[in-house]
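Notes for the one structure printed next.
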Amino acid sequence: MADRVLKVNAFTTFDLLDASVEGHGFEEAAFATLNVRTAREAPEVVSLELELDNTELESVPPHADRVTLSAAEARTLASELEAAADRVVATEDDP
């Protein structure tokens, strides 16, 4: 990604995912970086960061999105992700 906003290194949660961005009158697909972060010392929140590869986008300027979660909110999100993953796996196992 050119003009990267987020720092990506060996510790980044996901450095290459399929993603899309949708707005009024447009929808585009691009690779994305998705990362979960906390402060190294005395963390108080969990940050979820998302950046789409701006070299593949025409309608959106280079940027990154962040959501800050409390520990309880992060656990709720993790639980919802687990449940959704279970549903996907269950349909894959069906003949």
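The values are calculated or read from the model by the stated rules, or taken from the named source; none is laboratory data. These numbers come from a predicted model, not from an experiment. We place every Cβ from the backbone using ideal geometry, glycine too, and count neighbours over all the protein chains shown.
In segment 41-52, the residue that is farthest from the chain's Cα centre (by Cα) out of those that are in a strand (DSSP E or B) and free of Cβ contacts under 8 Å to residues at least 40 places away in the same chain is Val46. Return the residues of segment 7-22 that are of a type in the set (Gly, Ala, Ser) and modelled with pLDDT of 95 or more; say none if nothing qualifies. Result: Ala19, Ser20. In segment 17-34, the count of residues that are polar (S, T, N, Q) and surrounded by fewer than 12 Cβ atoms within 10 Å (Cβ to Cβ) is one or more. Residue count for segment 53-91 satisfying the condition of being outside any helix (DSSP H, G or I) and surrounded by 10 or more Cβ atoms within 10 Å (Cβ to Cβ): 13.
Would you pick out the residues in segment 30-69 that are under 22 Å from Ala10 (Cβ atoms) and among the charged types (D, E, K, R)? Arg37, Arg40, Glu41, Glu49, Glu51, Asp53, Arg66, listed by residue number.
Checked against the criterion of being at pLDDT below 95 and either of a type in the set (Val, Ile, Thr) or within 12 Å of the chain's Cα centre (by Cα) (or both), the candidates Thr68, Thr55, Thr76, Thr38 yield just one match: Thr55.
Residue count for segment 47-95 under the criterion of being in contact with a strand residue (DSSP E or B) (Cβ under 8 Å, 6 or more places away or on another chain) and basic (Lys, Arg): the result is 1.
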